[in-house]
Amino acid sequence: MIRGTNEPHAWYADKTASDLGWQKGWRANTVRVVISGGRWTTNSASDVANVIATCKSNKLICLLENHDTTGYGEASGAYSLSSAADYWISIKSALQGQERYVMVNIGNEPYGNSTIANWTNDTKNAVTKLRNAGLDHVLVVDAPNWGQDNGGVMKNNAASVQAADPRHNLLFSVHMYSQYSSASTITSYIDTFKNNNLPPTAGTLYPILMRLTDQRLLETGWEPSDEPGRPPRHIYRLTTEGTTLARQRLAARTTSSAPITQTRPAGGLA
């Protein structure tokens with residue numbers, strides 16, 4: 001089972017090495033590393049190779065994610081999936097031979113809420129382009145609607161996308177925030193994939209946060225997005241009971257390799 005967190009390498013490259021060390025100390029086995037092919041500062045093949053080496057030295061699977069596509073069709077400056085595939089091909093020297101250690105998330109949240117009907121063919125074409133270029137990794141494809149799949153486009157077309165991959169080696173990623181406000185909604189969505197022998201991955205912490213809320217360890221609110229068209233996000237704060245439990249768990253912990261000494265903004269990470 002994939003267990004880990006995000007690393008905003010595209011914006012905080014100087015923090016990546018130390019961050020991966022403490023993430024491993026907190027029993028992660030995978031890290032989702034955000035990189036860019038040009039919407040932000042381009043991460044070169046040599047830079048990505050160093051990231052992969054750092055992941056491997058910490059015994060972490062490296063899930064590389066191209067953030068350039070976020071909100072395509074709505075967000076200014078967002079890249080298409082085809083452009084994202086071109087970036088992966090441009091750095092394939094860093095990727096080939098690392099298939100056991102690296103997964104490739106073609107593009108983060110590759111559509112906003114417009115032109116989502118194009119998701120199916122555009123995803124198939126991107127997968128085909130990568131396979132033809134010799135990239136044999138596990139490929140992760142994100143849902144449209146800012147990752148949420150509101151209209152069920154990914155859910156309803158995942159089988160045909162998987163069939164279009166000659167390696168049949170895709171993971172389907174849905175970002176469960178906003179509309180995923182109940183356990184039954186989450187279960188129903190994931191069961192659709194399981195019943196069709198398709199591998200889904202819930203690409204956020206929201207299912208866990210919802211369970212903690214149900215246990216009255218968190219209180220929740222809503223925060224509007226700064227990006228037009230993007231849905232609001234939940235915000236969470238520990239309750240008194242949650243704070244007490246967190247302090248007890250931290251006091252009992254003795255195996256952490258390094259403490260978390262600061263917090264910082266995620267730099268746009270979704």
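The values are calculated or read from the model by the stated rules, or taken from the named source; none is laboratory data. Note that this is a predicted model, so its numbers are computed, not measured. Neighbour counts are summed over all protein chains in view; Cβ atoms, including those assigned to glycine, are modelled from backbone coordinates with ideal geometry. Only protein heavy atoms, including side chains, enter the accessible area calculation; ligands, DNA and RNA are left aside. Shrake-Rupley method; radii C 1.70, N 1.55, O 1.52, S 1.80 Å.
In table form, for the structure just shown:
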| item | result |
| --- | --- |
| Rel. contact order, % - alpha carbon contacts under 8 angstrom, at least six apart, the stretch 47-139 | 36 |
| Cubic angstrom per residue, convex hull over Cα atoms of the stretch 89-155 | 86 |
| Solvent-accessible area, 1.4 Å probe, carbon plus sulfur percent, for the stretch 1-146 | 49 |
| Relative counts (whole %) of C-alpha pair distances in the stretch 37-78, using bins that are 5 Å wide | 6, 21, 22, 19, 14, 11, 6, 2 |
| Point-charge dipole on Cβ atoms (K/R +1, D/E -1) for the stretch 35-114, about Cα centre, debye to 20 | 340 |
| Among 162-175, 65-78, the order from most to least packed when residues are scored by Cβ within 10 Å on average | 65-78, 162-175 |
| Contact order relative to length of the stretch 4-83, as percent, for alpha carbon pairs under 8 angstrom and 6 or more apart | 30 |
| Proximal lysines relative to Lys24, as straight alpha-carbon distance under 23 Å, when same-chain residues fewer than 8 apart are discounted | Lys15, Lys56, Lys59 |
| Cα-based Kirkwood hydrodynamic radius, the stretch 8-120, one decimal, Å | 14.5 |
